[in-house]
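The values are calculated or read from the model by the stated rules, or taken from the named source; none is laboratory data. Worth saying up front: this structure is predicted, and the values here are computed from it rather than measured. Backbone-built Cβ (ideal geometry, glycine too); neighbour counts: all protein chains shown. The area values use the complete protein model at the heavy-atom level, side chains included, leaving out ligands, DNA and RNA. Shrake-Rupley method; radii C 1.70, N 1.55, O 1.52, S 1.80 Å.
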Amino acid sequence: MKMELTKGFADFINDEYLCSLIADGREDLPRCREIFSKALAKKPLTVEETAALCAITSKEGLDELFETARELKRAVYGNRIVLFAPLYIGNYCINDCKYCGFRRSLRSTVRHSLSDAEMTREIISLENEGHKRLILVYGEHPKYTPEFIAHTVKLAYSVKTGHGEIRRVNINAAPLDIEGYKVVKAAGIGTFQVFQETYHKQTYRLYHPEGSPKSDYLWRLNAMDRAFEGGIDDMGIGALFGLYDWRFEVLGLVSHAIHLQKTYGVGPHTISFPRIQPANGLDLDLPYRVSDGEFKRLVAILRIAVPYTGLIMTARENSEVRDEVIDFGVSQIDAGTKLEIGGYNKERKGDEQAMDEEQFKIGDTRSLDDVIRWLLEKDYIPSFCTSCYRVGRTGEHFMEFAIPGFIKKFCTRNALLTLAEYLEDYSSERTKDAGYALIERELSKFPDGDEKNSVIARLRRIREEGMRDMLY
C-alpha cells in the first residue's frame, strides 16, 4: 500500500522548539487577554499564542479561558451538536501499537471482518435508531485496501430502510498513498481521519515498534498531505492524549492545522482529542495520563486556537465528563456507540462490553435517544446535518464560511430539520416533547421574514407530509 518514500516529506513538528515553549511558559494574563480578543475575531492562533494559553493555571485565567471558548463556539457553530456513530468494519492489524487492543501480538483478541451481509445488518440497526452519519473504522491490514474501503462506503450508502438512510460516510483508516486516496474519494466519502497518536517523535518510537507500517512517523505525519493531493479536502486529525505531555500534543495539533492551512489553503475539518482508555491486554505505565481538569483545558484551548474546526469528543469519555466538557467548544459527538465487530446486532446486558473484541473501553454507553434528550435538556440542538458535504461546502469553500463564522446560519436551519426528522421517525415520546419545545425556542430567535418562514414551512412538511432531507 505504501508507494511514496518519506524522504523529502515535510517535517513541520520541531520537538525541541515546542518543548521550549512549554518549559519557558509562564502565565501572562494581559497577553492572554489580547489572544482571547484575537480568537473572538475568529482568527486562528499561532503556536506561540497557543503555548501562552497552555501556561494558564490561575482560577481567574481559567475562567476567562473557558468563557472565551464557550463564546467562540456559539459565535461560529451556534448551539448545535452533530451526532454520528462509529462502525468497526474489521480489526485485523499488522501494527503492534503498545496501547491498542487490536495490536498484532495480542493473541487474545477475537479477529473478524464484517461480510457484506453482516455490514448490512449493522447499518439497518443503526438506521433504525435514527443515525444518518457514520464513521467506518478499519485496522491496518492488507485486507483493507482502498478498493475494499470504497466497496464498504458504497454499501453503506446503498442500505435504506423506511426513512432510514446513511447520508454521510467518514473514514478512519490507515494512511494511504495518493492513488489510494483517489479510489476512496471516488466512492463519495466525507472526511478521512488519520490520527498521529503522538506528535512527540521519541514517544512515537516508544509506542510504535520498528517493523510495522505505523513505525514510520513521517509517513503518518504527511497522510493528510497525500489525501489532499488525492482530491480529499475534508480531513480529520487527532492525537491520543496520555502518551505524552498534553500541552505538547495540543501544540502538535495546532502546528498540523497551520501546516495544512498554509500549504493547501484548507485546515482540518475536524480535530479529535481522545484520552487513552483501558483496553484488552493493556498493562502500561502511563506517566502522562490526562486528568479531567487538564482535559477541560485542552478542549478549550483547541477551540480558541483553531476556531473554524469541528471538535470531536468521543464516547471514550463517560457521561459525567462529557456533560462538563461539551460546553467548552465541542461540536461533534458519537452516541449509542458499540465497538465490537458486529456489535450493533449483539445482545449485551446493560453496560457490558466484550473487551476481547473491542479496541478500548467505552465510557458513555447511553443510547442515542438518551444522548439526544440530554443535549436537549442542555439547550443544544442535536443535529444529523450533512448538507455542507452534499452541496459542496467542503475544503476551501467550507473555510470561506467557517473562518468568519458564517457557517452557523446553515448549521442551525439544517440542524432543526434533521432533529424534526428524528423526532417524527425514531424518538421516545419524552424526547419528542423536549425536542419540539426546543425547536419552538429556536424559532423564536429568528427574525420575522423569509428565512424564518422557510424553516417553518419545511418543518410543517416534515410533520404533516412525511417529507425528508430538505437540506439548505
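I'd like the FRET efficiency for E210 and E147, computed as 1/(1 + (r/R0)^6) with the beta carbon distance as r and R0 of 45 Å, rounded to 0.05.
0.95
Non-local amide H neighbours of F241 (under 5 Å, H modeled in plane, Pro and chain starts lacking H): which ones?
Close amide H contacts, sequence-distant or interchain: R275, I276.
Give, to the nearest whole percent, the P(r) tail of the chain beyond 28 angstrom, counting all Cα pairs.
50
In whole Hz, what ³J(HN,Hα) sequence does segment 224-235 give by Karplus (6.51, -1.76, 1.60; θ = phi - 60°), x for Gly and Pro?
Each residue of segment 224-235 in turn: 6, 4, 5, 4, 5, 5, x, x, 8, 10, 10, 10 Hz.
Add -39500 (n - 2.57) for each DSSP H run of 4 or more in the chain, then divide by its residues: what number comes out at 222 nm, to the nearest 500 deg cm²/dmol?
-14000 deg cm²/dmol
May I ask you to evaluate 6.51 cos²θ - 1.76 cosθ + 1.60, the Karplus curve with θ = phi - 60°, for each residue of segment 298-315 and list the ³J(HN,Hα) values in order in whole Hz, giving x for glycine and proline?
5, 5, 4, 5, 5, 4, 6, 6, 10, x, 7, 8, x, 10, 9, 10, 8, 6
Near the amide H of Q193, under 5 Å away, which other amide H atoms are found, from residues 5 or more places off or on another chain, if H is placed in the peptide plane?
The list, which skips near neighbours in sequence, is I171, N172, A173, G236.
Ordered by residue, what ³J(HN,Hα) values in Hz, to whole numbers, does segment 78-90 give under the Karplus form 6.51 cos²θ - 1.76 cosθ + 1.60, where θ = phi - 60° and Gly and Pro are x?
For segment 78-90, the Karplus curve yields x, 10, 9, 10, 7, 10, 8, 10, x, 10, 7, 8, x Hz.
Give the carbon-plus-sulfur fraction of the accessible surface of segment 127-215 in %, rounded to a whole number; probe 1.4 Å, heavy atoms of protein chains only.
Of the solvent-accessible surface of segment 127-215, carbon and sulfur hold 52 percent.
Give me the distance in nm between label points sitting 7 Å out from Cα along the Cα-to-Cβ direction at D379 and E67, one decimal.
Output for this residue pair reads 1.6 nm.
Near the amide H of H112, under 5 Å away, which other amide H atoms are found, from residues 5 or more places off or on another chain, if H is placed in the peptide plane?
N91, Y92
Write down the percent of antiparallel bridges among all DSSP beta bridges whose residues are both part of the chain, to the nearest 5.
Numbers: 3 of 33 bridges.
Counting DSSP beta bridges with both partners in the chain, the antiparallel share is about 10 percent.
Where Rh is the Kirkwood radius over the Cα pairs of segment 110-169, the temperature 25 °C and the viscosity 0.890 mPa s, what D in µm²/s does Stokes-Einstein return?
Taking Rh from Cα pairs, D becomes 203 µm²/s.
What are the extents of the Cα atoms of segment 1-90 along their three principal axes, in Å, largest first?
Ordered largest first, segment 1-90 gives principal extents of 51, 38, 23 Å.
Of K378/K432; K182/K296; K98/K143; K262/K452; K38/K201; K154/K361, which pairs sit farther than 26 Å apart, going by alpha carbon to alpha carbon?
Cα-Cα > 26 Å for K182/K296; K262/K452; K38/K201; K154/K361; rest within.
From a point 7 Å beyond the Cα of N318 in the direction of its Cβ, which residues of segment 365-379 have a backbone N at a distance under 15 Å?
Correct set: 365-366.
For a Förster distance of 25 Å, can you work out the FRET efficiency between the beta-carbons of T46 and E229, rounded to the nearest 0.05?
According to the calculation, E is roughly 0.45.
Might you list the cysteines of the chain that have no disulfide-compatible partner by the rule of another cysteine's Cβ under 4.7 Å?
C19, C32, C54, C93, C385, C388, C411 - these cysteines have no disulfide-compatible partner (Cβ-Cβ under 4.7 Å) in the chain.
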